[in-house]
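The values are calculated or read from the model by the stated rules, or taken from the named source; none is laboratory data. Quick caveat, the model's predicted, so the values are computed rather than measured. Here the Cβ positions follow ideal geometry from the backbone for every residue, glycine too, while neighbour counts run over all protein chains shown. Please note that ligands, DNA and RNA were not included when accessible areas were found on the heavy atoms of the full protein model with its side chains. Shrake-Rupley method; radii C 1.70, N 1.55, O 1.52, S 1.80 Å.
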Amino acid sequence: MKKKILITGGAGFIGSHVVRLFVNKYPNYEIVNLDALTYAGNLDNLTDVAQKPNYSFIKIDITNEAAINQLFEKQQFDGIVHLAAESHVDRSITDPLAFIRTNIIGTVNLLNAAKNQWNGNFEDKRFYHISTDEVYGSLGKEGMFTETTSYDPRSPYSSSKASSDMLVRAYFHTYNLPVVISNCSNNYGANQFPEKLIPLAINNIKNNKPIPIYGKGENIRDWLWVNDHARAIDVIYHQAKLGETYNIGGINEWTNIDLIHKLCEIMDKKLGRASGESAKLITFVTDRAGHDLRYAIDSSKLQRELGWKPSLQFEEGLEKTVDWYLANEQWMNNITSGDYLSYYEKQYKNR
Ligand code: NAD
Ligand code: DAU
C-alpha cells in the first residue's frame, strides 16, 4: 500500500538507520526526513539513500510551531515516526531548557499538527513516539524495567522525555490520536555522535587520548545494536496495538569499565597495538551529576507479541562498530572539528 511517512530526527544517529531501513525496505512508501540539523544532525549519515526516488529531506525545527503547521498544511502524512530530540544527558545538565523546548514543546507541536491534519479520521494513521528506558529511573543490583514500571526520571533529559511520553499518552486518551510508544536501552553502532561513550572512546583510543570514565566505571547500561533498534521500530510501527508501549533492549548489561576494557582489547587488535596498550588510556574522572546506576530492560512483551529479538551478540556488534569508525575516518574528522572541540574542552577540562 502507498504511504507517506514523516520521520523526525532522521539525520541523527538512530533516525538515519530508521530512514535507511524504511527507504530501502518499502519502495512504495514516500519517506520524508524532517530534521533541524543541530550539532547532532548530519546528512552525511544518509548519502546512500539521498538520491532514492522515495526519499526527501526537509529542514525544520520542531519547536517552530508555524513551520510545522505549514508543513502539515502542504503535505498529508499517514504516519509519523518521531525521533527528533536533544539526546545527550551531559548537555541536559548544562542546558536543561534546550531539552524542554525540543523534547516537550517540539513533541506537542507535532501532536497538534497530526491531530489537526487527521481531524478524527484515524484509519491507518499512526503517531509513533520513540522514547528511552531512562524515564524509568535507576535500578539497584536487581530487577528490570517493564512497561508497567513507574516513571522516575532523574536528569533533565529523562524528565523531558518522560514528559513527552505522558503528553503522547494524553493525546491518545483525550483525542483518540492513534499513538504508539517504545522505550529503548542504550544504542551503539555506526554514525553515533562522539559525545556518547562508545564512539568517544573509539575516537580517543585511536588518537591516543585519555578515555574519561565517570566515577569508578561501575554504572551499568544495557546495550543494543542500533540496527536492531531500527528493526524493532519497523515491527512496532507496522504491528503494534494502538495506545501500547513496548520496551526494547539488548539483554546485554555491562559495567562501563568492563565495556571499555573489551573495547580496548578490540582496538589493540585492530590497530596492531600490544595487548593492554589502549587500556593504559583509561582515566577515571569526576562523576556525572545524578548519575543513574543501572538500567536493564525487560523486552519480553515485544519478543512475545511481535516476534522481535536482537540479532547480534555484543562482541560481534562492537567489533563491527569499531570497523565502521576506523573505515570512516573522514566522517569522524568532519564532526570532531569546530564546535566539537569547544564542547569537549568545556565538558572534560576540569573533571
Ligand atoms: P541524536 O542526538 O543522534 O539525533 C537527534 C536528531 O534530532 C538530530 O539529527 C538532530 O538534528 C535532530 N533534532 C534535534 N533537535 C531538533 C529540533 N528542535 N527540530 C528538529 N530536529 C531536531 O539522537 P539519537 O541518539 O539518534 O536518538 C534519537 C531518539 O531516540 C531520541 O528521541 C532519543 O531520546 C531516543 N533514544 C536514544 C537512545 C540512544 O541510545 N541513543 C536510546 C533510546 C532512545
Ligand atoms: O538508555 C538510553 C539512553 O542512552 C538514551 O536515551 C540517551 O539518548 C543516550 O545518550 C544514552 O544515555 P547514557 O547517558 O546512558 O549514554 P552515554 O553514552 O552518555 O553514557 C553511557 C555511560 O557511560 C553512562 O553511565 C555515563 C558513562 N560515560 C559517558 C561519557 C560520555 C563515561 O563514563 N564517560 C563519558 O565520557
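For beta carbons closer than 7 Å, sequence separation of 6+ or different chains, a first residue in the range 268-289 that is more than 20 Å from Gly215 (Cβ to Cβ) and a second that is polar (S, T, N, Q) and open to solvent by 70 Å² or more (accessible area, probe 1.4 Å), the qualifying pairs are Asp268/Ser275. Restricting attention to the range 210-226 and to residues that are within 13 Å of ligand 1 (Cβ to nearest atom) and open to solvent by 10 Å² or more (accessible area, probe 1.4 Å), the residue that is nearest to Phe145 (Cα to Cα) turns out to be Arg221. Is it the case, given these coordinates, that Ala67 is part of a helix (DSSP H, G or I), open to solvent by less than 30 Å² (accessible area, probe 1.4 Å) and of a type in the set (Gly, Ala, Ser)? Here the answer is yes, as Ala67 does meet what is asked. Evaluating Leu200 against the criteria (1) in contact (Cβ under 8 Å) with a residue 40 or more places away in the chain; (2) within 12 Å of ligand 2 (Cβ to nearest atom); (3) out of contact with any Gly (no Cβ under 7 Å at 6 or more places or on another chain); (4) open to solvent by less than 40 Å² (accessible area, probe 1.4 Å) leaves one unmet condition, (1).
Per-residue answers, yes or no, for (1) hydrophobic (A, V, I, L, M, F, W, C); (2) away from ligand 1 (no atom under 16 Å from the Cβ); (3) more than 30 Å from Gln75 (Cβ to Cβ):
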position	(1), (2), (3)
Trp118	yes, yes, no
Arg126	no, yes, no
Thr132	no, no, no
Thr148	no, yes, yes
Ser155	no, no, yes
Ser158	no, no, yes
Lys161	no, no, no
Met166	yes, no, no
Leu177	yes, yes, no
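The residues of the range 43-55 that are open to solvent by 50 Å² or more (accessible area, probe 1.4 Å) and under 28 Å from Pro194 (Cβ atoms), listed by number, are Leu43, Asp44, Thr47, Asp48, Gln51, Lys52. Please go through the range 103-117 and pick out each residue that is without any contact (Cβ under 8 Å) to a residue 60 or more places away in the chain and either open to solvent by 10 Å² or more (accessible area, probe 1.4 Å) or basic (Lys, Arg) (or both). Within the range 103-117, Ile105, Val108, Asn109, Asn112, Asn116, Gln117 qualify.
Reported count of residues in the range 304-319, each being under 10 Å from Ile248 (Cβ atoms) and touching a Lys or Arg at 6+ places or on another chain (Cβ under 8 Å), is 1.
Residues that are in a helix (DSSP H, G or I) and open to solvent by 70 Å² or more (accessible area, probe 1.4 Å): does the range 272-287 have at least one? Yes: the range 272-287 contains one or more residues that are in a helix (DSSP H, G or I) and open to solvent by 70 Å² or more (accessible area, probe 1.4 Å). Of the helices (runs of 4 or more DSSP H) entirely within the range 85-129, those holding at least 2 residues that are under 17 Å from Gly9 (Cα atoms), more than 20 Å from the chain's Cα centre (by Cα) and modelled with pLDDT of 95 or more occupy 107-118.
Residue-wise test of (1) of a type outside the set (D, E, K, R); (2) under 20 Å from His229 (Cα atoms).
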site: Leu6; (1), (2): yes, yes
site: Ile14; (1), (2): yes, yes
site: Lys25; (1), (2): no, yes
site: Thr47; (1), (2): yes, no
site: Tyr55; (1), (2): yes, no
site: Ile68; (1), (2): yes, no
site: Glu73; (1), (2): no, no
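Restricting attention to the range 167-184, the residues being open to solvent by 10 Å² or more (accessible area, probe 1.4 Å) and either near ligand 2 (Cβ under 9 Å from one of its atoms) or modelled with pLDDT under 95 (or both) number 0.
Step by step: first the residues of the range 249-263, then only those that are in a helix (DSSP H, G or I) and not acidic (Asp, Glu), then the one that is most open to solvent (accessible area, probe 1.4 Å). Which residue is that? Ranking the qualifying residues of the range 249-263, first place goes to His261.
Filtered by the rule that a residue be among the aliphatic types (A, V, I, L, M), under 15 Å from Asp48 (Cα atoms) and crowded, with 24+ Cβ neighbours inside 10 Å, the range 4-22 gives Ala11, Val18, Val19. Take Ala274 and tell me if it is touching a Cys at 6+ places or on another chain (Cβ under 6 Å) and at negative phi. Taking the combined requirement at face value, the residue does not satisfy it. With respect to the conditions (1) among the aliphatic types (A, V, I, L, M); (2) within 10 Å of ligand 2 (Cβ to nearest atom); (3) free of Cβ contacts under 8 Å to residues at least 60 places away in the same chain, Ile251 lacks only one, and its number is (2). If we scan the range 55-63, do we find a residue that is among the basic types (Lys, Arg), within 9 Å of ligand 1 (Cβ to nearest atom) and not in a helix (DSSP H, G or I)? Yes, that holds for at least one residue. The set of residues from the range 23-42 being open to solvent by 60 Å² or more (accessible area, probe 1.4 Å) and either within 16 Å of the chain's Cα centre (by Cα) or within 16 Å of ligand 2 (Cβ to nearest atom) (or both) comprises Thr38, Tyr39.
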